[in-house]
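Trainee: Take a look at this one; I'll ask things after.
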Amino acid sequence: MLHAGLICAALALGTTSFAATPYAVAPDGRVVARVPASPSRAPTGAVPYAATPDWQNTLRLQVAGLAFGDLDGDGRDDLAVGTYHSNSFPPYEDWHDYVYFNVDGTLENEPSWQSVDQSHSSEVAIADIDGDGMRDLVVARGGFSYDPNAVYFGSAKGLATTAGWQSQQPAWAVGMALVDIDGDGDLDLVTANQGSGSSDPYRPLYLFRNDGSGFATTPDWQSAEAAVQNSVAAGDLDGDGDRDLAVAKWVDFQSAAYANDGTTLDTAPFWSTGSTAGDRGVAIADFDGDGDQDILLGQTRLTVYANDGSGGFAPTWQADNTDSDHQGVAVADVNGDGLPDVAEIDFSRGKVWLYLSRDGALDPVPAWSYDGDGAGNALAFGDVNGDGLPDLAVGFSGQPSVVVFLNTGTPVDDTIFEDGFESASAGRARAARLAAGQDS
């Protein structure tokens with residue numbers, strides 16, 4: 001892997017060894033990879049996804065983030081696509097953000113929404129930020145010019161094409177989480193950040209509070225440590241009922257967990273990995289079925305740190321695959337057995353692996369894989385065709401830049417989709433409330 005300073009120096013001098021062949025630069029500017037050639041497309045196991053995509057777009061983009069959600073109020077999952085700008089070769093001419101709307105269970109061929117501005121987007125999310133009942137599009141942004149984070153607000157007239165909110169902090173947001181930190185019923189914004197260049201490389205985590213109508217423009221909380229953060233996930237890690245944070249950090253820094261006291265976050269972590277090897281990608285779920293939340297990190301080998309119930313975490317599972325340049329992870333129950341499964345994407349080769357949970361533990365051998373046509377950047381699960389099963393979207397740098405695999409499993413009536421996996425006991429309790437007509 002090449003660090004950002006080396007990349008910038010090579011490109012500025014025009015001496016990079018990648019000049020003769022196509023290459024891609026990652027959304028955080030820290031990794032350069034040759035564009036994969038002649039991909040194979042065979043699945044490696046019996047899972048609910050085919051060997052080839054069921055849908056793909058036509059645009060040549062560098063996709064950094066994907067998110068499913070209903071942005072037009074028709075009850076179907078649309079697909080938001082965040083793109084970024086870099087010194088990749090051949091160069092990319094377009095870095096708008098896009099939405100592919102869902103029409104009767106099928107994503108449209110060409111996006112009918114795009115942002116007016118072109119900015120370096122790192123991640124996208126869909127949620128109701130201003131409490132009007134309409135979903136909004138939240139975009140974490142950065143790049144060397146520190147493009148501000150943004151919200152495009154939804155309304156009865158449709159999703160606005162210009163940002164209705166922008167942050168003012170000078171930082172490169174690489175990842176984000178929407179989470180109710182202070183328990184007031186609305187979603188706050190946490191960003192995982194880095195600086196720009198070798199002279200100013202580090203930034204803390206930031207929290208932008210939501211007052212019910214939108215985010216504050218400046219953060220009112222930040223972590224004590226300034227670092228290079230790659231991604232952030234939220235979940236109840238200490239069992240006190242509020243949402244804490246797990247953060248993946250780059251080389252020279254330890255990935256860590258930050259506790260929520262019910263109103264704000266501690267500035268120092270209560271747990272860290274003890275390793276500064278450099279992680280990329282993080283998720284929180286109950287991977288071992290013991291009722292508490294564990295942490296998944298993209299390390300040399302994808303690793304689960306199991307929660308001991310007392311504020312400690314220890315590595316209890318690792319993927320057999322060591323040949324991965326981790327870019328991101330996503331979690332969903334893809335086969336309907338009630339257990340969290342894991343998708344992982346590799347940047348350099350554009351490859352996706354799927355690990356299934358079996359008998360209360362993830363299988364260390366991937367059950368399915370897919371080789372994309374470009375560098376791999378983004379993953380998202382959602383329900384495109386309305387059958388209640390999680391479909392998988394994958395984002396690349398290249399053309400096509402987004403592909404979707406429809407879940408071929410048997411549809412289940414009244415399937416419950418939640419934002420992330422809470423404990424098995426919490427899921428069973430929610431199912432019981434639904435059956436009794438006490439929840440919706």
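We did not get these values from a lab; they are worked out from the coordinates using the rules stated. Nothing here was measured: the structure is a model prediction, and the numbers come from that model. Here the Cβ positions follow ideal geometry from the backbone for every residue, glycine too, while neighbour counts run over all protein chains shown.
Trainee: Any chance you could check the Cα centroid distance between segment 76-107 and segment 388-413 for me, in angstrom?
Mentor: Answer, in whole Å: 15.
Trainee: Then there is this: Could you run the Karplus curve 6.51 cos²θ - 1.76 cosθ + 1.60 with θ = phi - 60° over segment 327-341 and give me ³J(HN,Hα) per residue in whole Hz, x for Gly and Pro?
Mentor: Computed from phi, the couplings for segment 327-341 are 10, x, 9, 9, 10, 6, 8, 7, 10, x, 9, x, 10, x, 9 Hz.
Trainee: What does the extension gain come out to for R60 and T263, with contour length at 0.36 nm per residue minus their alpha carbon separation? Walk me through the numbers before you get to the answer.
Mentor: Values: separation 203, 0.36 × 203 = 73.08 nm, distance 4.33 nm.
Difference between extended and current length: 68.7 nm.
Trainee: Using a Förster radius of 25 Å, what is the FRET efficiency between S155 and T106 based on their Cβ-Cβ separation? Nearest 0.05, please.
Mentor: 0.50
Trainee: Figure the gain on full extension for T322 and D371 (residue separation times 0.36 nm, minus the Cα-Cα span) and round it to one decimal in nm. Display every interim value, and only then the final one.
Mentor: Numbers: separation 49, 0.36 × 49 = 17.64 nm, distance 1.63 nm.
Value of the extension gain: 16.0 nm.
Trainee: Multiplying the sequence separation of V251 and V116 by 0.36 nm and subtracting their Cα-Cα distance, what value in nm do you get? Write down the numbers at each step before the final one.
Mentor: On the way: separation 135, 0.36 × 135 = 48.60 nm, distance 3.55 nm.
Full-extension gain reported as 45.0 nm.
Trainee: Next question. Mind giving me the FRET efficiency for E93 and D132? R0 is 41 Å, r the Cβ-Cβ distance, nearest 0.05 is fine.
Mentor: On the way: r = 35 Å, r/R0 = 0.86.
Efficiency at R0 = 41 Å is approximately 0.70.
Trainee: Under a 5 Å amide H to amide H cut-off, with H placed in plane at 1.01 Å, what residues pair with N230 once short-range neighbours are removed?
Mentor: Residues meeting the amide H criterion: A248, K249, W250.
Trainee: For segment 139-272, go through all pairs of different Cα atoms, get the mean of 1/r, take its inverse, and jot down that Kirkwood value in Å.
Mentor: Hydrodynamic radius (Kirkwood, Cα pairs) of segment 139-272 is 15.2 Å.
Trainee: Identify the trypsin sites (Lys or Arg not before Pro) of segment 87-163 meeting these criteria: DSSP loop state and at most 10 other C-beta atoms within 10 Å of the C-beta. Working shown, then result.
Mentor: Details: sites: R135, R141, K157; in loops: R135, K157.
Answer by residue number: K157.
Trainee: Something else now. Could you let me know the centre-to-centre spacing of segment 209-265 and segment 345-367, using Cα atoms, in angstrom?
Mentor: For segment 209-265 versus segment 345-367, the Cα centre distance is 27 Å.
Trainee: I've got another one for you. What is segment 136-243's relative contact order, in percent, from Cα pairs under 8 angstrom and six or more apart in sequence?
Mentor: Values: 247 pairs, mean separation 22.8, N = 108.
Relative contact order for segment 136-243 comes out at 21 percent.
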